[in-house]
1. Mind counting the residues in the range 23-54 that are more than 20 Å from residue 10 (Cα to Cα) and not basic (Lys, Arg)?
2. Go through 55, 34 for me and flag whichever is in contact with a Lys or Arg (Cβ under 7 Å, 6 or more places away or on another chain) and of a type outside the set (Lys, Arg).
3. Yes or no: the range 11-28 includes at least one residue that is in a helix (DSSP H, G or I) and more than 17 Å from the chain's Cα centre (by Cα).
4. Any idea how many residues of the range 32-43 are surrounded by 11 or more Cβ atoms within 10 Å (Cβ to Cβ) and outside any helix (DSSP H, G or I)?
5. Of everything in the range 52-88 that's within 13 Å of the chain's Cα centre (by Cα) and of a type outside the set (A, V, I, L, M, F, W, C), which residue is modelled with the lowest pLDDT?
6. Could you grab me the full set of residues in the range 43-67 that are of a type outside the set (D, E, K, R) and either out of contact with any helix residue (DSSP H, G or I) (no Cβ under 7 Å at 6 or more places or on another chain) or closer than 11 Å to residue 79 by Cβ (or both)?
7. What are the pairs, 6+ residues apart or on separate chains, where a residue within the range 66-80 that is farther than 20 Å from residue 33 by Cβ has its Cβ under 7 Å from a residue that is of a type in the set (S, T, N, Q) and surrounded by fewer than 22 Cβ atoms within 10 Å (Cβ to Cβ)?
8. If you go through the range 1-31 one residue at a time, how many are surrounded by 12 or more Cβ atoms within 10 Å (Cβ to Cβ), in contact (Cβ under 8 Å) with a residue 40 or more places away in the chain and charged (D, E, K, R)?
Amino acid sequence: MLETIVGLFASACTTFAAAPQVIKAWRTRRCEGLSLKMVAFQLIGVATWVLYGVLKGDPIIIVANGLSTLLLATLLYFRITLGHAEPAPAETRDAGGRGREPAADPALIPPAPTG
């Protein structure tokens, strides 16, 4: 019984480990910085675990790694299609590389009222 509980807990953790990254990619439509090789190797690994589960006849291994395979396949798709988005111009990034609002073009700022 303890074996089953530990297996279910471990399966849940590893299955949903990719979920936050998939959600972030979905919401932001950006994936730069995410390693294509890491996602690809992880996908190959969990797909192999599905095969192992089928060979062993273990439904926990099959279901958990099947869900992981779907999440990682989605992440791989996002990484391939969204991972090459144009970076923001340098002037819209702060010293840490994070995006910030670009400075206003002085030519577009109306003159102050005189009076």
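1. Matching residues across the range 23-54 total 12.
2. 34
3. Among the residues of the range 11-28, at least one is in a helix (DSSP H, G or I) and more than 17 Å from the chain's Cα centre (by Cα), which makes the answer yes.
4. Going through the range 32-43 one residue at a time, the tally reaches 3.
5. Top of the filtered list is 83.
6. Across the range 43-67, the qualifying residues are 43, 44, 45, 48, 51, 55, 57, 59, 63.
7. Short answer, once both residue conditions are applied: 67/15; 68/14; 68/15.
8. Residues that pass the stated criteria total 1.
The values are calculated or read from the model by the stated rules, or taken from the named source; none is laboratory data. Please read all numbers here as calculations on a predicted model, not as lab measurements. Heads up, the Cβs are rebuilt from the backbone with ideal geometry, glycines too, and the neighbour counts pull from every protein chain shown.
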